[in-house]
Each structure stands twice: as C-alpha cells, then as structure tokens.
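Everything below concerns the one structure shown next.
The values are calculated or read from the model by the stated rules, or taken from the named source; none is laboratory data. All values reported here derive from a predicted model rather than from experimental measurement. So basically every Cβ, Gly included, is an ideal-geometry build from the backbone, and we count neighbours across all protein chains shown. To get the accessible areas, we keep the full protein, side chains included, count just its heavy atoms, and leave off ligands, DNA and RNA. Shrake-Rupley method; radii C 1.70, N 1.55, O 1.52, S 1.80 Å.
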Amino acid sequence: MMVIWKGWGILGLIIPFLVLVLINSMELNDSIASWINFVGLILSGIAVWSIGKRLNSRKDEVFTSEKTGAQFKLGNQHTLFFIPLQYWAIVYLFTGAITLFK
C-alpha cells in the first residue's frame, strides 16, 4: 500500500498510531482494553481535527499570470489520501465507536 500525503497530512497516521501504541504498551486487562482504545481513538480524532483545522485554515490566494492569463491557487494543503487532514478525525471517531461494540 502506498501512502500519499501533502504537507503535514502524514500526522493523520502518526498521531493515532502513537496513541494506540502507548495505550497497548500498558498491558491492560481485556475487560477495559476496549474502553481505553475507544478513549485513545477519540482523543486522536480530537487532536487530528484540531491540528488539521489549524493547518488548513489559511485562505487560498488566487494569482493570475500576466502573460497567459492562467489562474492558479496557492495555499495550505495538508491531505492524506487526497482528503484534508481534519476529516480523518471522523474516521477515528467511528473506529473508536466500533471498538466498543466488538
């Protein structure tokens, strides 16, 4: 599998990975492990949403070439698999909810 990101979009994978590795290294008993994973994924979602919104908040600027008249856009683009970073938080929130019902 090939991971594709722009800017700091890779944080959408790094943050949840680090949180889950930290949680699973605690060697918790199985009765509360699903709750702890749920909380970890929810916290990861909140962190990814906050960071993504902050990184992608600057408005795009449109420039026009004087010679060709072509327009192009410059601005922040922090994406993972072509999806803006903050929207990956939704994936982690749903995944966290699914771990409770497993």
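Can you work out the FRET efficiency for the pair Leu20 and Thr64, with r the C-beta to C-beta distance and R0 = 35 Å, to the nearest 0.05?
0.15
Computed over the Cα atoms of the chain, what is the ratio Rg over Rh, Rh following Kirkwood?
Reported Rg/Rh, Kirkwood definition of Rh: 1.18.
For an R0 of 25 angstrom, estimate the FRET efficiency from the Cβ-Cβ distance between Lys102 and Lys53 and round to the nearest 0.05.
For R0 = 25 Å, the calculated efficiency reads 0.25.
Just subtract the alpha-carbon distance of Ile4 and Leu74 from 0.36 nm times their residue separation and send over the number in nm, one decimal.
23.2 nm
Restricting to lysines 8 or more places apart or on different chains, can you count the pairs in the chain with Cα atoms under 28 Å from each other?
Here the count comes out as 6.
Over the chain, with every protein chain in place, what whole percent of the accessible area is carbon and sulfur at 1.4 Å, could you tell me?
67
Enter the accessible area per residue of the chain (Å², integer; probe 1.4 Å; all protein chains in place).
Computed with neighbouring chains in place, this is 73 Å² per residue.
If we sort 2-13, 58-69 on the protection proxy, mean other Cβ atoms within 10 Å, highest first, what's the order?
Going by the mean number of other Cβ atoms within 10 Å, highest first, we get 2-13, 58-69.
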